[in-house]
Amino acid sequence: MRELLIVQLQDGAVPIELSLTPERDERLSDQALTMPTETLVRTLDLLAGALVHLRAGADARTQLELALIRAARPDLDPTSRR
């Protein structure tokens, strides 16, 4: 997600620091340009929250799964119903 956001902010250009292969760079650029910025930022925020729970001793797999479910299905996220 972080790489997608960086590439998106570069208008689809993959910085040399992130470049691996031409095929991967093209895929990364295509994905970055098709995902809404709000989705990328929200997902990064959810993953950061999961890391906080991990540091507090929560189960890693469960926290990662919850963050990804919330990112993929905002309608299932009880914290977004405000």
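So here's what we get for this one:
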item: Filter result (closer than 12 Å to Thr39 by Cα, out of contact with any Lys or Arg (no Cβ under 9 Å at 6 or more places or on another chain) and either touching a residue at least 24 places away in the same chain (Cβ under 8 Å) or assigned to a helix (DSSP H, G or I) (or both)) within the range 64-78; result: Leu68, Ala72
item: Where Arg61 falls short, out of the listed (1) assigned to a loop (DSSP other than H, G, I, E, B); (2) loosely packed, with under 10 Cβ neighbours inside 10 Å; result: (1)
item: Residue match in the range 2-21 (condition: exposed (fewer than 12 other Cβ atoms within 10 Å of the Cβ) and within 16 Å of the chain's Cα centre (by Cα)); result: yes
item: Filtered residue count, the range 29-63, keeping only those that are of a type outside the set (Val, Ile, Thr) and touching a residue at least 40 places away in the same chain (Cβ under 8 Å); result: 2
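Just so you know, all these numbers are worked out from the coordinates, no wet-lab data involved. This structure is a prediction, so every number in the text was calculated from the model and none was measured. Using ideal geometry, Cβ is built from the backbone for each residue, glycine included, and neighbour counts are taken over all protein chains shown.
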